[in-house]
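Nothing in this text is a laboratory measurement; each read-out follows from the coordinates by a stated rule. Just so it is clear, the structure is predicted and the values come from calculations on it, not from any experiment. Cβ sites come from the backbone with ideal geometry, for glycine too, and all protein chains shown count toward neighbours.
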C-alpha cells in the first residue's frame, strides 16, 4: 500500500492515476554511443524512479514536503558520487554514467536530482578533492551510504552571482576557527548532518570547512513558501561564533578555485538532468496528443501540435548530443568550465521551453497534477537560476570567446 505524505493510505485508484508510463526517446540512436554500464545504470535508476518516486512525487510536491526517506534509496542505487572512487563511498563509474543517473533522477523530479547532486558533487566531491585523508575516511563512506546528509554553503543573502564578495569569515583562535556569517538558498540544509562551508580567512583567501550540525552557534532554518522545487528542502545556514576545529579545514585548496570547481561538477550534472525533465514533458505530451481526440481525430494529427512535438524532440536531441560530447570530454579530462556553462545554460533553457509547449499540448489538464508538466515547469524556473543564472552563464561563454570580462 502507498502512504501519502501525511501517513494516510492512498487508494488503489490514486496510485493507478500516478502510474509512470514513460518510454525513452532516442531519435538519433545515441544509445549506440553508450557503454553497457551506462545503460545498466540508467535502467536501474529509471526502474527505481518509476517504483519509488513517480507514485508519490505529486503528493509531496503538492504539500511542499521533502520525501526524506528517499535518501537511503538514492544511496542504494549509487546516486551519491557515482564517479568518485568506490573506496571513498562513490560508485567508481565514469562521468557519462554520472550524467545518465542525474538525467533519470530529474526525469522523476528536479528536487530529487538536487538531493543527489548536492550530496555527491557539492559535499562528497570537495572532501574527496581537497580534504585530508582523515577527513575522507571519516565522512565519505557515511555520505555515500546516506548515513550522513550534507549541504554546500556558498551563496549568501547579499552575494549570489558574485560569490567572491562573500562576507562569511573565519578568525584564527588557537586550535580552532571562529566562524561568523550566513548562507542562503541551501538545498538539504535543514536536515543536513554537516555542511561544506566557504568563508574568507584573515588573509583574504577563501577557505573551505566542514561544519557539523551539533556545533554550538550553527543553525539551519528552513525557507518556506516556495512555488518551485517544492519536494526539495531548502534553508539558510547561520553561524554565530561557531567554533570549528582546525582539523575540519579542507587543507588542499585556497581561493575561489575550490567552490567554483565544485559548481562545475554540479553544473555538469544539471546539464544532463535537464534533459531528463524535458524527456518526461515530451513523453507526456506525445502520449496525450495521441490519445486526446477533438473534432473527431487525435490532436496529434493537427499540424500545430505536430509542429510543437517535432520541435521539442529536435531540441531534446540536440541537448542529448551536447551532453554526450561533454561527458566524453569530461572522461578525458578535457571539459572546460566554459563548456560546462554552455551545456547547463542551453539544456535548462531547452527543457523550460519544452515544458511550456508540453503544457499547451495538454490544454487545461496541463495545469493539474494528474500530469507532471506543470511541476517540471515550476522546478525548471529554479534550475534556470541556480548553480549560475541563465545570464551569468551567457557571460561566461562571452568571456571565453572574446577574452573580455563583462563582469567588471
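At a glance:
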| read-out | value |
| --- | --- |
| Cα-based helix-to-principal-axis angle, 337-361 vs the chain, degrees rounded to 10 | 40 degrees |
| The range 302-356 shape via C-alpha gyration tensor axes, a/c threshold 1.5 | prolate |
| Between helix 133-144 and the chain: long-axis angle, C-alpha atoms, 0 to 90°, nearest 10 | 30 degrees |
| Sites residue 240 and residue 193 - FRET efficiency at Förster radius 25 Å, r taken between beta-carbons, to 0.05 | 0.80 |
| Length added when fully stretched, residue 338-residue 161, from 0.36 nm per residue minus Cα-Cα | 62.1 nm |
| Residue 87 versus residue 32: modelled label distance in nm, points set 7 Å from Cα along the beta carbon direction | 3.9 nm |
| Burial ordering of 302, 130, fewest other beta-carbon atoms within 10 Å first | 302, 130 |
| Residue exposure sequence - 242, 323 - by fewest surrounding Cβ within 10 Å | 242, 323 |
| Ellipticity estimate at 222 nm from DSSP helix runs (n ≥ 4, -39,500 (n - 2.57)) divided over the chain, nearest 500 | -15000 deg cm²/dmol |
| Estimated FRET transfer efficiency (residue 224, residue 202; beta-carbon r; R0 35 Å; 0.05) | 0.45 |
| Förster-model FRET efficiency, 25 Å R0, residue 397 and residue 25, C-beta, rounded to 0.05 | 0.35 |
| Set of the range 346-361 residues, backbone N closer than 16 Å to the point 7 Å along the Cα-Cβ line of residue 406 | 346 |
| In degrees, nearest ten, helix 390-402 long axis to first principal axis of the chain (Cα) | 70 degrees |
| Gyration tensor (alpha-carbon) shape descriptor, the range 257-402, a/c threshold 1.5 | prolate |
| Rough spin-label spacing in nm, given labels placed 7 Å along Cα→Cβ, for residue 39 and residue 294 | 3.9 nm |
